[in-house]
Amino acid sequence: MPGSGVSGYAELNVRVRVRYSTLLTPQEFAGLFEAADFSALIGLLKRTAYGPYLMRVEENDLTPRQAVYQIKSRMADACATVARLAPAQARPLVIQFYRNFEVDNLKAVLRGILTGAAWDRVRYVLFPLGSMTVLPAQAMLEAGSVGAAVERLHGTPYYGTLAHAMKRYTAEQSLFPLEVALDLSYWRELWNNANRLPSRDRAQSRRLVGSLVDVNNLMWAIRYRVYHHLSKEELINYTLPFGYRVRDDDIRAIAAGADISQVLARIYPDMSNVDVLLREPRQGLPELEVQLQRHVAERCRVAFIGYPFHIGVTLAYLVLNKLEIQDLIVLIEAKSSQIPAERFQPYLLIGNTLK
C-alpha cells in the first residue's frame, strides 16, 4: 500500500507524468480540428494514445456514440490506476473525484427512466466506471419508475440524498430537485475530502478542487437567475458557500440582482468579453463557461511546476484529461453532424489557439 510523502507519491508521480506526456498536443488538436469528417477524425485519433481504445471496435461499427464511450474508457483506466496508487490519506479524494462521472451516470439513468429508454440505448451514454461503480444502473433503469430506482440505491452514498429529495420530485414531477441535491452533495464531499488532507496536499487540492467549485458555482448561480428566475433564497440554497476565488458574498450578490459582469470582473480581472457574452446570455453563457474552464486548465498546468510529491499533480492530470475528452466530444459531434467550424470552435477549450 502506498505510503505518504515522497515515497508515497514516487510511483504515482511517475505514472501520472507519463500519462500527462500523452495528452494531445496543440498540433494534434489542430489536425483533429481540420479533419474533413468523422471518419477522418477517427483516423487521426487512432494515431494517438486513444488509438488502442478505438480499435477495440470494428471500424464499420464505430458510431460517434461508441467512439465517445471508448475515449472515456481511457480515462476510466487512468482513474482506476490513480486510485490504486494514491497514498491512503489522498485516496478518498481521488475516489470522490472519480464519482463525478458516477453522478453523471446516475442522472442519465434517471432521465432514461422518464423517457422510457431501453438499456441498450442508455448504456453507451454512461461513463465506463467498471468495477468501481456502486450503481446498479441496468436494474435501476428497468425498475419502472424513479421512486423504484432510488430504492435500488440502498447502501450507496446516493440513497440518503435522493430519498430526502424525493418529496419535491413527487410534488413537482421534475428531476431538477434530485439533480441539484446530487450535485450539492457531491461537491460538498469533495471539498470536505480536500480539507481533511495534510497541509501540503490540502493546499494543492483546495486550489484545484476550489477552482472547479468556482466554475460550477458561478454557472449555477447565473443560470438559476437567467434561465430559471429563482428567488434570492432559492438561488442561495442551490449553490455552495465555499470555493477558491468565488466567495459566498459573490454568489449572494448575483442572487440579489447585482451586475453579473461586475461580479465576474472582480473575481477574474483578466477575463475578456464578459460584457459582450452577457448581452445575450442564452448564447453567451456556454462560451463564458469555456473561458472559466480555461482558467482551470491553466491552473492545472501550473501544478506540474515545482515540488512534485503532492496530490495536486495527480488531480491536475485528471482534470486536464477530463477537459481534453470534453473537447474531443465536441469534435466528434461536430464532425459527425458536419457542423461548420465557426459554430463549434468557440466551445473548444483550446479553441482560442485554432485560428
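The values are calculated or read from the model by the stated rules, or taken from the named source; none is laboratory data. The structure displayed is predicted, hence computed values, not measured ones. Don't worry about glycine lacking a Cβ; one is built from the backbone with ideal geometry, like all the others, and counts go over all protein chains shown.
Across segment 37-60, the qualifying residues are those that are of a type outside the set (Phe, Trp, Tyr) and in contact (Cβ under 8 Å) with a residue 40 or more places away in the chain, and the one among them that is surrounded by the fewest Cβ atoms within 10 Å (Cβ to Cβ) is Asp37. Here are some residues: Ile260, Ile329, Ile251. Which one is outside the structural domain of Leu212 (by TED's automatic domain parsing) and among the β-branched types (Val, Ile, Thr)? Just one listed residue meets the conditions, Ile329. One residue stands out among those in segment 68-95 that are outside any helix (DSSP H, G or I) and in contact with a helix residue (DSSP H, G or I) (Cβ under 6 Å, 6 or more places away or on another chain): the one that is surrounded by the fewest Cβ atoms within 10 Å (Cβ to Cβ), which is Ala86. Taking the criterion of being over 19 Å from Glu289 (Cβ atoms), of a type outside the set (A, V, I, L, M, F, W, C) and touching a helix residue (DSSP H, G or I) at 6+ places or on another chain (Cβ under 9 Å), the residues of segment 302-337 that qualify are Tyr307, Pro308, His310, Gly312, Thr314, Tyr317, Lys335, Ser336, Ser337.
Conditions (1) in contact with a Lys or Arg (Cβ under 8 Å, 6 or more places away or on another chain); (2) outside the structural domain of Leu328 (by TED's automatic domain parsing); (3) among the aliphatic types (A, V, I, L, M); (4) closer than 22 Å to Ser337 by Cα, marked per residue:
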{"site": "Arg17", "(1), (2), (3), (4)": "no, no, no, no"}
{"site": "Thr48", "(1), (2), (3), (4)": "no, no, no, no"}
{"site": "Leu54", "(1), (2), (3), (4)": "yes, no, yes, yes"}
{"site": "Glu59", "(1), (2), (3), (4)": "no, no, no, yes"}
{"site": "Cys79", "(1), (2), (3), (4)": "no, no, no, no"}
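Listed by position, the helices (runs of 4 or more DSSP H) inside segment 118-210 whose residues that are within 27 Å of Thr239 (Cα to Cα) number at least 2 are 146-151, 159-172, 176-195. Of the residues making up segment 266-285, those that are under 24 Å from the mean Cα position of the chain (by Cα), farther than 19 Å from Thr239 by Cβ, not basic (Lys, Arg) and not in a loop (DSSP other than H, G, I, E, B) number 4. Only a single criterion out of (1) of a type outside the set (A, V, I, L, M, F, W, C); (2) part of a loop (DSSP other than H, G, I, E, B); (3) under 21 Å from Phe304 (Cα atoms) is not satisfied by Arg47, namely (3). In segment 96-115, the count of residues that are assigned to a loop (DSSP other than H, G, I, E, B), out of contact with any Phe, Trp or Tyr (no Cβ under 7 Å at 6 or more places or on another chain) and surrounded by fewer than 20 Cβ atoms within 10 Å (Cβ to Cβ) is zero.
Taking the criterion of being touching a helix residue (DSSP H, G or I) at 6+ places or on another chain (Cβ under 8 Å), of a type in the set (Lys, Arg) and part of a loop (DSSP other than H, G, I, E, B), would at least one residue in segment 236-245 satisfy it? The answer is yes, given that some residue of segment 236-245 is touching a helix residue (DSSP H, G or I) at 6+ places or on another chain (Cβ under 8 Å), of a type in the set (Lys, Arg) and part of a loop (DSSP other than H, G, I, E, B). Of all residues in segment 336-349, one or more are at pLDDT 95 or above and part of a helix (DSSP H, G or I). Of all residues in segment 275-292, exactly one satisfies the criterion of being charged (D, E, K, R) and under 14 Å from Val263 (Cβ atoms), namely Asp275.
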